[in-house]
Amino acid sequence: MQATALAVLAAAAVISLPGQTGSGELHRMEITLEQERDGGWEVVDPGLVLENGDLLRFRFRANFEGYLYVMNQGSSGKSELLYPREETGEDNRILAGQEYRIPATQAWFRVAGPPGYDTVYWLVTPLRLGSDAAPPEYVPLPPPPPKPVPPENLLPRCDDSIFRARGVCVDSKAGPRNVDRDSELPSNLAGVARLRSRELIIMHKGQDSTISTPASESGPVLYEFRLAHK
């Protein structure tokens with residue numbers, strides 16, 4: 001598996017999504033990023049500027065059923081589908097209350113690639129893309145583009161106020177971001193993302209990040225995380 005730099009929400013990060021569960025609750029997801037340190041795993045800030053060689057892993061849980069697609073566009077410009085993968089099977093259904101680990105076939109991802117930002121795209125759909133039960137606009141997800149245009153070459157920077165207060169290098173430009181109609185997306189995600197464009201409300205509190213949307217309709221939701229690494 002190609003080494004990839006990945007970093008998303010810290011522990012207990014909560015995402016509220018359109019629609020409701022059977023009990024009337026908003027759809028919610030929890031995504032946890034852990035980094036290997038001294039032989040154990042530790043939660044890290046979503047904006048932490050990572051070092052080349054760092055080992056990371058995700059844990060994912062939702063309070064609703066649906067289908068999950070995760071894709072990374074690295075700082076080199078190459079895109080890679082992280083979930084589902086051929087070696088884990090094509091079944092990407094998520095069940096309420098069940099925890100999923102990404103990657104599922106390996107205990108970690110290693111940070112690699114030129115200094116800059118990776119973008120991890122998280123797509124959640126109520127029906128499997130391309131299934132017989134889905135409407136025609138739910139087209140199957142094509143493979144990641146083989147030769148994408150490399151993303152903008154920016155270098156991560158420490159937020160001075162955070163560094164002084166906590167002694168860690170955190171880039172305030174990293175972390176969760178909206179995907180709107182003007183966002184330049186990898187070609188295989190562009191059609192799905194524009195089915196229903198939503199304005200997400202993003203809030204930060206300590207190591208937690210919350211993404212919510214006021215929309216009550218169901219449908220595909222796409223959001224991204226900018227990941228900083230040296």
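A few comments on the model shown:
- When we screen ALA104, ALA112 for residues that are in a loop (DSSP other than H, G, I, E, B), in contact with a helix residue (DSSP H, G or I) (Cβ under 9 Å, 6 or more places away or on another chain) and either surrounded by fewer than 18 Cβ atoms within 10 Å (Cβ to Cβ) or touching a residue at least 12 places away in the same chain (Cβ under 8 Å) (or both), the only hit is ALA104.
- Selection of region 63-78 for residues being in a strand (DSSP E or B) and either under 11 Å from ASP118 (Cα atoms) or free of Cβ contacts under 8 Å to residues at least 40 places away in the same chain (or both) yields MET71, ASN72, GLN73.
- Considering region 154-169, and only residues there that are at pLDDT 80 or above and of a type in the set (A, V, I, L, M, F, W, C), the residue that is surrounded by the fewest Cβ atoms within 10 Å (Cβ to Cβ) turns out to be LEU155.
- Restricting PRO145, PRO151 to residues that are at pLDDT 75 or above, in contact with a Ser or Thr (Cβ under 7 Å, 6 or more places away or on another chain) and in a loop (DSSP other than H, G, I, E, B) narrows the list to PRO145.
- Options SER216, SER172, SER183; residue that is at pLDDT 80 or above and more than 16 Å from GLU137 (Cβ to Cβ): SER172
- Subset of region 190-208 [touching a strand residue (DSSP E or B) at 6+ places or on another chain (Cβ under 6 Å) and either modelled with pLDDT of 60 or more or assigned to a strand (DSSP E or B) (or both)]: ALA193, ILE201, ILE202, MET203, ASP208
- Candidates are the residues of region 79-101 that are in a strand (DSSP E or B) and of a type in the set (Gly, Ala, Ser); the one that is surrounded by the most Cβ atoms within 10 Å (Cβ to Cβ) is SER79.
- For region 33-78, a residue qualifies if it is buried (at least 18 other Cβ atoms within 10 Å of the Cβ), within 21 Å of ARG157 (Cα to Cα) and either in contact with a His (Cβ under 6 Å, 6 or more places away or on another chain) or of a type in the set (Gly, Ala, Ser) (or both), and the qualifying residues are GLY47, LEU50, GLY74, SER75.
The values are calculated or read from the model by the stated rules, or taken from the named source; none is laboratory data. This is a predicted model, so every value here is computed, not measured. Positions of Cβ are backbone-derived with ideal geometry, glycine not excepted, and every protein chain shown enters the neighbour counts.
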